[in-house]
Amino acid sequence: PGPMLRISFFRNVFNCHVNRAPMSGRIVSVNYRSGSFVNAELDKASEDNERNGLVIETAHGQIGVVQIAGLVARRILCWANANEPLDAGERFGLIRFGSRLDVFLPEGAQPRVTLGQTAIAGETVLAEFGSAKGPVVSRRA
């Protein structure tokens, strides 16, 4: 795919990080990779840490969602499988204790979150596309 927009979300060690689908679509692949457990806020965590990545085919193209374990987190859970559908806001996994979730959106996505903003799972709109198809994340509880 072409250039991607990355949005990262961090959780501290006292939170359980529930992961939700940023857009509706069908899961193309789920890929787990073992690794280290450095602080999830560091850039190298994306490359070095244990992680699990999903590729989701959406109406706007493919997106990526990567669950990244943190310094203390030693358990990534993902109950989504390849070829399954996902609705926007649907839970697909969680990471226990300090962690990170990276969302990769295709070119054309316009960010609607700012650096340091607290996002609320299933409610905060991450980005929008220029079409009339609506926001990337639906507003549902």
Length gain on complete extension for the stretch TYR32 to ASP48, per 0.36 nm per residue less the alpha carbon to alpha carbon distance? 4.5 nm
What part of the accessible area of region 8-122, given as a whole %, is carbon or sulfur when the probe is 1.4 angstrom? 51 percent
From largest to smallest, what semi-axes in whole angstrom does region 47-105 give when each is the square root of 5 times an eigenvalue of its alpha carbon gyration tensor? 22, 12, 9
If you count only protein heavy atoms and use a 1.4 Å probe, how large is the accessible surface of LEU86, to the nearest 10 Å²? 10 Å²
Size-normalised alpha-carbon gyration radius of region 19-124, reference 2.2 N^0.38 Å: 1.03
Probe 1.4 Å, all protein chains in place: accessible area of HIS60 in Å², nearest 10? 50 Å²
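Where the only charges are on Cβ atoms (+1 Lys, Arg; -1 Asp, Glu), what is the dipole of region 34-99 about its Cα centre, to the nearest 20 debye?
It works out to roughly 300 debye.
The values are calculated or read from the model by the stated rules, or taken from the named source; none is laboratory data. In this text the structure is predicted, and so the values were computed from the model without any measurement. Note that we place each Cβ from the backbone using ideal geometry, even for glycine, and neighbour counts take in every protein chain shown. The accessibility values were calculated without ligands, DNA or RNA, using every heavy atom of the protein model including side chains. Shrake-Rupley method; radii C 1.70, N 1.55, O 1.52, S 1.80 Å.
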